[in-house]
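Single-structure report; data block below.
The values are calculated or read from the model by the stated rules, or taken from the named source; none is laboratory data. Here the structure is a predicted model, which means the values were calculated and not measured. As a convention, Cβ positions derive from the backbone with ideal geometry for all residues, glycine included, and neighbour counts pool all protein chains shown. These accessible areas exclude ligands, DNA and RNA; they are computed on the full protein's heavy atoms, side chains included. Shrake-Rupley method; radii C 1.70, N 1.55, O 1.52, S 1.80 Å.
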Amino acid sequence: MAFGNWRIGVDIQEDVIRAVAVSRRRGAWYLQRWWRLPVDGENEGEKLSVALNGWHRQLPLGYCLCLGFPTRRTLQREIPAPPPELSELQYSHYVASATGRQLQMSEQMLCLDFRPVPGEPRFAVTAARASEVDRLVASMRQARLRLTAIAPEACALFSFLPFIHDSDDACLVCRTATEWLWVRHARWGSLPCQEVPDCVTLCQRLSVTARHLICCSPGELTNDEVREFDPWRVLSRLQPPLPEQGERYAIALGLALARLPQ
């Protein structure tokens, strides 16, 4: 398959992998394909290798693949911004060193991403254990997949904010089998479903009112003020049939739409 440049988002859950491929033409997003791959096996690496075995044959030569990383296994910290005269390499070393001290972990044990906090002399840092990231990358390589980027699952929801009215005040949420993922302003995170039995609790935990809550999972929140958002509507062309329970593909779709390094 030598056609097209696909952007693919891959969302790995405990019992299933969901993936969505899109392409961009004439300023619009087009759906190319979607997949639901059952996951079965004992250890994580084995499960992924079996589930993804042969999948690369269904992909074109030109693609970018963004893989979701479990939000619950990431750490978020803020550190003072480094002196502006530092080089890019020195920036990275400064962030790794400062974050390692906060987490009481060596720099070699962490994979880091960081960005300036707008209007503040601080950096927001996202950290994950290097061993966990390495295992995930190794599974993708074993499945003969070319990985472009890894992002926390919750960050996939940022892709939808430009399509939401008054998104500056909105808190966008999406339920998985075990968690509520959320984004608001430049912040993001997750809450275990067992800790959030209802809409009132979710609003309290996120410090928002129901009218500012927007949900990608229809029917999950019983409150007339909560707005629902259909992630598929951001695409200009859909090729039916769409998957059943299409809201469960929100993370994969958001990863496919995410800004990726060139």
Going residue by residue through the stretch 153-166, is there one that turns out to be among the aromatic types (Phe, Trp, Tyr), out of contact with any Lys or Arg (no Cβ under 6 Å at 6 or more places or on another chain) and under 19 Å from Pro118 (Cβ atoms)? yes
What are the residues in the stretch 194-206 that are β-branched (Val, Ile, Thr) and either part of a helix (DSSP H, G or I) or under 20 Å from Phe163 (Cα atoms) (or both), if any? Val200, Thr201
Which is of a type in the set (A, V, I, L, M, F, W, C) and either open to solvent by 20 Å² or more (accessible area, probe 1.4 Å) or under 29 Å from Thr126 (Cα atoms) (or both), of Leu59, Leu37? Leu37
Restricted to the stretch 156-184, and to residues that are under 20 Å from Ser207 (Cβ atoms) and of a type in the set (Gly, Ala, Ser), which residue is most open to solvent (accessible area, probe 1.4 Å)? Ser167
So, restricting to strands (runs of 3 or more DSSP E) that lie completely within the stretch 34-119, which ones have at least 1 residues that are more than 26 Å from Pro241 (Cβ to Cβ), charged (D, E, K, R) and in contact with a helix residue (DSSP H, G or I) (Cβ under 8 Å, 6 or more places away or on another chain)? 75-80
Unmet requirement for Ser97, which otherwise passes all of (1) touching a residue at least 60 places away in the same chain (Cβ under 8 Å); (2) over 22 Å from Gly189 (Cα atoms): (1)
Going by the structure shown, is Phe114 among the hydrophobic types (A, V, I, L, M, F, W, C), within 30 Å of Arg144 (Cβ to Cβ) and out of contact with any Ser or Thr (no Cβ under 6 Å at 6 or more places or on another chain)? no
Which numbered condition trips up Glu14, out of (1) open to solvent by 90 Å² or more (accessible area, probe 1.4 Å); (2) under 23 Å from Ser236 (Cα atoms); (3) acidic (Asp, Glu)? (2)
So, first residue in contact (Cβ under 8 Å) with a residue 12 or more places away in the chain in the stretch 134-148, second residue among the polar types (S, T, N, Q), Cβ within less than 8 Å, six or more apart or across chains; the pairs are Ser139/Ser49; Gln142/Ser49; Ala143/Ser49; Ala143/Asn53
I want to confirm something. Restricting to the stretch 207-219 and keeping residues that are over 23 Å from Phe69 (Cβ atoms) and assigned to a loop (DSSP other than H, G, I, E, B), which single residue is least open to solvent (accessible area, probe 1.4 Å)? Val208
On the given criteria, is Glu153 in contact with a strand residue (DSSP E or B) (Cβ under 7 Å, 6 or more places away or on another chain) and open to solvent by less than 10 Å² (accessible area, probe 1.4 Å)? yes
Quick one: count up the residues across the stretch 231-249 that are open to solvent by less than 80 Å² (accessible area, probe 1.4 Å) and part of a helix (DSSP H, G or I). 6
Return the pair list, or none, for Cβ contacts closer than 7 Å from residues in the stretch 232-257 that are in contact (Cβ under 8 Å) with a residue 60 or more places away in the chain to residues that are buried (at least 18 other Cβ atoms within 10 Å of the Cβ) and of a type in the set (S, T, N, Q), at least 6 apart or on different chains. Glu247/Ser217; Gly254/Ser159; Leu257/Ser159
Criterion (of a type outside the set (Lys, Arg) and surrounded by fewer than 15 Cβ atoms within 10 Å (Cβ to Cβ)) met by exactly one of Gly68, Gly100, Gly54: Gly54
